[in-house]
């Protein structure tokens, strides 16, 4: 884990929010981003609640303590999912956590209600994940049921991460992606890799379904 000043992190998180918005990975007020600004005591720079990521400003980034409470004078409220960021940082020693709400991530997270995770293997792009050296790697991404009780959800997420210590990410069902890294740059790279893979898998499944329908005459003229 590496740390940087809160002011620098606020500018970097703002830039990430704008980049992700342009790519359609966070729309409106969806998504939230954080980075560790101090270790002892633990402090996070994190997006405020209900801010539009396409118009994110450094003033929309708050500093929170180890309990998720805002530090200093502010009228803004930290992201509702701050406790999830803290759980990931504590368990994994992550330096940054990024959460997106892309179309493909949302679709795949809710593809099957009894699905406990998503396996991805055989793609060259997997080598963009930290520590992965071959396309033959099998990445297992847990899918966790969404919950509005953040204390309960953070415990469930922590348990899922304990079961899958090698995971680079998890999905909240019908919600979106959480991924992390030792640095903001690594976390951003993980978002780019995983969002590419989600879209590839989704489009491939749609293509295969259409090809099967064509084969069986579904698109033939009467």
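The values are calculated or read from the model by the stated rules, or taken from the named source; none is laboratory data. The structure displayed is predicted, hence computed values, not measured ones. Note that we place each Cβ from the backbone using ideal geometry, even for glycine, and neighbour counts take in every protein chain shown.
Among the criteria (1) touching a residue at least 12 places away in the same chain (Cβ under 8 Å); (2) over 21 Å from residue 171 (Cα atoms); (3) out of contact with any strand residue (DSSP E or B) (no Cβ under 6 Å at 6 or more places or on another chain); (4) surrounded by fewer than 19 Cβ atoms within 10 Å (Cβ to Cβ), the one residue 49 does not fulfil is (2).
This table checks each residue for (1) over 18 Å from residue 97 (Cβ atoms); (2) touching a strand residue (DSSP E or B) at 6+ places or on another chain (Cβ under 9 Å).
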| position | (1), (2) |
| --- | --- |
| 120 | yes, yes |
| 133 | yes, no |
| 144 | no, yes |
| 150 | no, no |
| 157 | no, yes |
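Return yes or no: is residue 33 farther than 16 Å from residue 68 by Cβ and either in contact with a helix residue (DSSP H, G or I) (Cβ under 8 Å, 6 or more places away or on another chain) or in a loop (DSSP other than H, G, I, E, B) (or both)? Here the answer is no, as residue 33 does not meet what is asked.
For the stretch 69-102, the set of residues classified as surrounded by fewer than 21 Cβ atoms within 10 Å (Cβ to Cβ) and part of a loop (DSSP other than H, G, I, E, B) consists of 69, 71, 72, 73, 74, 75, 76, 77, 80, 93, listed by residue number. The residue of the stretch 114-134 that is nearest to the chain's Cα centre (by Cα), among those that are part of a loop (DSSP other than H, G, I, E, B) and in contact (Cβ under 8 Å) with a residue 40 or more places away in the chain, is 129.
So is residue 72 farther than 23 Å from residue 151 by Cβ and within 17 Å of the chain's Cα centre (by Cα) or not? Don't jump to the end; show me each part of the working.
Values: farther than 23 Å from residue 151 by Cβ: yes; within 17 Å of the chain's Cα centre (by Cα): no.
Judged against the criteria, residue 72 is not a match.
Taking the criterion of being in contact with a strand residue (DSSP E or B) (Cβ under 8 Å, 6 or more places away or on another chain), touching a residue at least 24 places away in the same chain (Cβ under 8 Å) and outside any loop (DSSP other than H, G, I, E, B), the residues of the stretch 52-68 that qualify are 53, 60, 61, 63.
Rundown of residues vs (1) in contact (Cβ under 8 Å) with a residue 60 or more places away in the chain; (2) in a loop (DSSP other than H, G, I, E, B); (3) crowded, with 22+ Cβ neighbours inside 10 Å, yes/no style:
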residue: 148; (1), (2), (3): no, yes, no
residue: 152; (1), (2), (3): no, no, no
residue: 156; (1), (2), (3): no, no, no
residue: 159; (1), (2), (3): no, no, no
residue: 162; (1), (2), (3): yes, no, no
residue: 166; (1), (2), (3): no, yes, no
residue: 187; (1), (2), (3): yes, no, yes
residue: 195; (1), (2), (3): yes, no, no
residue: 200; (1), (2), (3): yes, no, no
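In the stretch 8-29, of all residues being out of contact with any strand residue (DSSP E or B) (no Cβ under 7 Å at 6 or more places or on another chain) and outside any helix (DSSP H, G or I), the one that is nearest to residue 90 (Cα to Cα) corresponds to 29. All of 179, 183 fail the test of being modelled with pLDDT of 95 or more, surrounded by 14 or more Cβ atoms within 10 Å (Cβ to Cβ), out of contact with any helix residue (DSSP H, G or I) (no Cβ under 8 Å at 6 or more places or on another chain) and under 18 Å from residue 99 (Cβ atoms), apart from 183.
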